[in-house]
Amino acid sequence: MTSEPERVTAVAPGKAILFGEHAVNRGQPALSAAVGLYARCRVRAGTGGEYRFRSGSRSQETPRAAVLELARVVEGYRDAEDYEALRRLASGDYFSPQKYVLASMFGDALPAALEMEWESEIPSSSGLGSGGAAFTALVAAVSPLLPEPPSLEQRAAWARLGDIIAHGGVASALDTQTSLLGGVIRFTGMGLAERIAVAPGLTLVVGHTGVAAATSEVNGRVRRWLAERPASRLPYFETVGALSRAALPLLERGEWAELGRLLTLNQLVLKEIGVSSPEIETLIDAALGAGALGAKISGSGGGGIIIALATPETRDAVAEAITEAGGRALTPAVGVAGVVVQQ
């Protein structure tokens, strides 16, 4: 095993999905951008055989053996596709995703004791990938404790496990791979995502509705909606995939007006799927009325955030309109670097 540093800090960015929500879980491609809002994970060796977790006002101590046992329980639920049990587990134990990631990384070689603490400027349950960034940062921070440096593919797989538990058993690797790789990525669900070239000037305004919507609950609702009439409803997700493919060359060439129209079309499909809300529609109307080129949900929906495509000249006006409509406007940098480790 490599020598253990006294403390390791990893910093991972959030994400904004440009195209592909919900469709990405049905085999369609998605486009996502890393944004300049960050989660930090600090890890150091612990004492007394205890694992100590802290995030904001939440904290927990648990024995090493309980971390390994939780992973065995989770594997049973996953094998049985018992999504309700996974949702109950995540709801009752805030740190269950982190424990599952750790046990999966180390197995029986799990260190005797660790102390972990997270700080985040990413609003939770918003669609900005707060969980994905936290899990990506965790994997990066504890990887120096492994006998050999893990591959990028392995780090991506481990981080995704946290999202799978947090999201109730179903999660693509989109959030965690965006946080891991940074930039703007094209994700297909087959291996690592591809970083894509984007013309200068991609400008997003994020509008937070202030409504927290648990991704696991929204995912479950969409899954049931599709199961009711799969033949007639699957084409909605295929349409989102087609929009993702059409958007790729527009991003590369900087054809922002046409890209904005595709964003708004994507929103109409998401509304039909049933993941919009009055708060979301209010912010979208405000953004478009202030000159945004397009706007849509970003993330699972039901609340959370919208993204509005602006220009450098209209960004402030769009942000102001979102604020006046009752939202919280954010203007993070777009296409930032992926996770970094600080020792």
Problem set entry | Between helix 256-273 and the chain: long-axis angle, C-alpha atoms, 0 to 90°, nearest 10 | 70 degrees
Exercise. On average, how much accessible surface per residue is there in the chain, in Å², for a 1.4 Å probe, leaving out ligands, DNA and RNA?
Worked result: 41 Å²
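Order of 14-25, 305-316, 216-227 by packing, highest average Cβ count within 10 Å first?
14-25, 305-316, 216-227
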Exercise. Cα centroid distance between the stretch 74-124 and the stretch 269-308, in Å?
Worked result: 31 Å
For this session: Leaving ligands, DNA and RNA out of it, report the carbon-plus-sulfur percent of the accessible area of the chain at a 1.4 Å probe.
Result: 49 percent
Exercise. Given Cα pairs under 8 Å that are at least 6 residues apart, what percent is the relative contact order of the chain?
Worked result: 26 percent
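Roughly speaking, what is the stretch gain from Ala337 to Glu148, that is 0.36 nm per residue apart minus the C-alpha to C-alpha distance, in nm to one decimal?
The Ala337-Glu148 span can extend by a further 65.6 nm.
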Problem set entry | Cross-link partners of Lys15 among lysines (Cα-Cα below 22 Å; sequence separation of 8 or more within a chain) | Lys271, Lys296
For this session: For Ala45 paired with Glu320, estimate the spin-label separation in nm (one decimal), with each label point 7 Å from Cα along the Cα-to-Cβ line.
Result: 5.7 nm
For this session: Give me the angle, in degrees from 0 to 90, between the Cα long axis of helix 64-79 and the longest principal axis of the Cα atoms of the chain, rounded to the nearest 10.
Result: 50 degrees
Seminar exercise, completed: A chain fully extended from Arg229 to Arg261 at 0.36 nm per residue, minus the present Cα-Cα distance, gains in nm 8.7 nm
For this session: Please state the charge dipole magnitude for the chain, taken about the Cα centre, from unit charges on C-beta atoms (+1 on K and R, -1 on D and E), reported in debye and rounded to the nearest 20.
Result: 240 debye
Problem set entry | the stretch 1-67 shape via C-alpha gyration tensor axes, a/c threshold 1.5 | prolate
Exercise. For the chain, what does -39500 (n - 2.57) per DSSP helix run (n ≥ 4), summed and divided by total residues, give at 222 nm, in deg cm²/dmol to the nearest 500?
Worked result: -14000 deg cm²/dmol
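Beta carbons within 10 angstrom, averaged per residue: use that to sort the peptides 79-91, 32-44, highest first.
Working: 79-91: 15.9, 32-44: 23.6.
Going by the mean number of other Cβ atoms within 10 Å, highest first, we get 32-44, 79-91.
Of all DSSP beta bridges located in the stretch 1-124, what percent are antiparallel, nearest 5?
Percent antiparallel among DSSP bridges in the stretch 1-124 is about 85.
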Problem set entry | Centre separation in Å (Cα based) which lies between the stretch 31-66 and the stretch 236-252 | 36 Å
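Under the Kirkwood approximation applied to all pairs of distinct alpha-carbon atoms, what is the hydrodynamic radius of the chain in Å?
Numbers: mean 1/r = 0.0495 Å⁻¹.
One decimal place: 20.2 Å for the Kirkwood radius.
The values are calculated or read from the model by the stated rules, or taken from the named source; none is laboratory data. Not measured: the values here are computed from a predicted model. Neighbour counts run over all protein chains shown; Cβ positions are idealised from the backbone, glycine included. Quick note on the areas: whole protein, heavy atoms, side chains included, nothing else; ligands and nucleic acids left out. Shrake-Rupley method; radii C 1.70, N 1.55, O 1.52, S 1.80 Å.
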